[in-house]
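First the structure, in the form of structure tokens, and then the observations on it.
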Amino acid sequence: MPLARTDTPAGLGYRMPAEWEPHAATWIAWPHQKSDWPGKIAPIPWVYTEIVRHLHQSEKVNLLVADSRMEAAARRYLLKGGVDLTKVHFWQQPTNRVWTRDYGPIFVVNDKHQKGMLDWRFNAWAKYPDWKQDDAIPGKLNKKLKLPAWQPFCHDKRVVLEGGSIDPNGKGMLLTTEECLLSPVQERNPGMNRADYEKVFHDYLGIKKVIWLNQGIVGDDTHGHVDDLARFVNAKSIVTIREPNAADPNHAILEENWDRLKYTKLDIIALPMPEPVVFNGQRLPASYANFYIANTVVLVPTFNDPNDREALGILAELFPDRKVVGIHAVDLVWGLGTLHCMTQQEPR
């Protein structure tokens, strides 16, 4: 059960750690929703197999499956892909979709190395009608994890928040976007304003300063998630994508975000963008910023693009203590998300 609303995590000494801090595990959900990859579901389990193959060499993988039948199918794929199943823990919990970044629990820790869980409300990006199974995941998982847990509230209403809309540095700073949290389009929390969000981030995540970017990239189904735009890579450095082609609709969007970041007094590093990835007439949210930082590896989406090599090289320099691995994501991004969207870290 959630604790009393006045006993907020920050008040009890908890904070949301940065993604590069040590993990106990990575949480993912096995792909099953054919409508998320219409006409292209066949390669997706193999993409997941490759992702798990790299992750399980770094840390435990907690894999959500709907039932024993889906678990058996996942085991067959993973075994064929050379995965050691002793390092994969299966959790039979049905989900609507696979984007655990957005509906999975967000974990917090305190100075005593104790762990807690935040159970935000999830409503499928204020866009889709099928979300109740995803929304229930944190509470169901905590029946076994048995961690201190909070359901964040503001104005006597539970707060809707997706993990892909925020990026913290573990030292009291957080990145987000106005388009996602403050726009009336796909409005998550009607009535909440900038100050409300900043107070919620302070009380529940231990955040002291919020960096607000403007818009997300073209093709982003979430309406402005920051994890396709800009990411902390250490406490004082941010990588952010740029598009030099002035004719590309992303150019002006990304230049405004770059200008905002220049005033933060942090180190700002540019990441390239791939050429537009289009399938069935639709531009997809292909971005190198959607990488995932695990204990010993950084997984980076790649798109059969000349800039793949440049992006991998930049991130390899920023994470010299980790292996930087490209994961082919041309098929995966047809689901309108890639590696960061489908993973959620659990701190050690």
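The table that follows gives values for the structure above.
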{"item": "Conditions (1) in contact with a strand residue (DSSP E or B) (Cβ under 6 Å, 6 or more places away or on another chain); (2) farther than 29 Å from Asn169 by Cα; (3) of a type in the set (Ser, Thr, Tyr): number failed by Ser58", "result": "(2)"}
{"item": "Answer residue from the stretch 85-125, given it is under 20 Å from Asp227 (Cβ atoms) and either surrounded by fewer than 16 Cβ atoms within 10 Å (Cβ to Cβ) or hydroxyl-bearing (Ser, Thr, Tyr) (or both) and is nearest to the chain's Cα centre (by Cα) among those", "result": "Thr100"}
{"item": "Candidates Arg5, Arg53, Arg15, filtered to the one that is under 25 Å from Leu145 (Cα atoms), modelled with pLDDT under 95 and charged (D, E, K, R)", "result": "Arg5"}
{"item": "Residue within the stretch 299-318 that is at positive phi and not β-branched (Val, Ile, Thr) present", "result": "yes"}
{"item": "Count - residues of the stretch 245-279 that are without any contact (Cβ under 8 Å) to a residue 12 or more places away in the chain and not acidic (Asp, Glu)", "result": "9"}
{"item": "Selected residue (criterion: surrounded by the fewest Cβ atoms within 10 Å (Cβ to Cβ)) from residues of the stretch 275-295 that are out of contact with any His (no Cβ under 7 Å at 6 or more places or on another chain) and under 26 Å from Gln345 (Cα atoms)", "result": "Pro285"}
{"item": "Exclusive hit being more than 17 Å from Leu205 (Cβ to Cβ), of a type outside the set (Ser, Thr, Tyr) and in contact (Cβ under 8 Å) with a residue 12 or more places away in the chain, set Pro105, Pro94", "result": "Pro94"}
{"item": "Per-region count, the stretch 260-278, residues modelled with pLDDT under 95 and within 30 Å of Val330 (Cα to Cα)", "result": "0"}
{"item": "Filtered residues of the stretch 249-274 (kept if under 22 Å from Gly313 (Cα atoms) and outside any helix (DSSP H, G or I))", "result": "Leu266, Asp267, Ile268, Ile269, Ala270, Leu271, Pro272, Met273, Pro274"}
{"item": "Pairs, first assigned to a helix (DSSP H, G or I) in the stretch 299-328, second polar (S, T, N, Q), C-beta under 6 Å, six or more apart", "result": "Asp308/Thr302"}
{"item": "Scan of the stretch 164-206 for residues that are within 19 Å of Pro347 (Cα to Cα), of a type in the set (Phe, Trp, Tyr) and in contact with a helix residue (DSSP H, G or I) (Cβ under 8 Å, 6 or more places away or on another chain), ordered by number", "result": "Tyr204"}
{"item": "Among the candidates Thr222, Thr177, residue that is surrounded by 24 or more Cβ atoms within 10 Å (Cβ to Cβ) and in contact with a Cys (Cβ under 7 Å, 6 or more places away or on another chain)", "result": "Thr222"}
{"item": "Number of positions in the stretch 197-230 that are within 27 Å of Phe319 (Cα to Cα), touching a Phe, Trp or Tyr at 6+ places or on another chain (Cβ under 7 Å) and not in a loop (DSSP other than H, G, I, E, B)", "result": "1"}
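The values are calculated or read from the model by the stated rules, or taken from the named source; none is laboratory data. Computed from a prediction, not measured in an experiment: that's the story for all the values here. Heads up, the Cβs are rebuilt from the backbone with ideal geometry, glycines too, and the neighbour counts pull from every protein chain shown.
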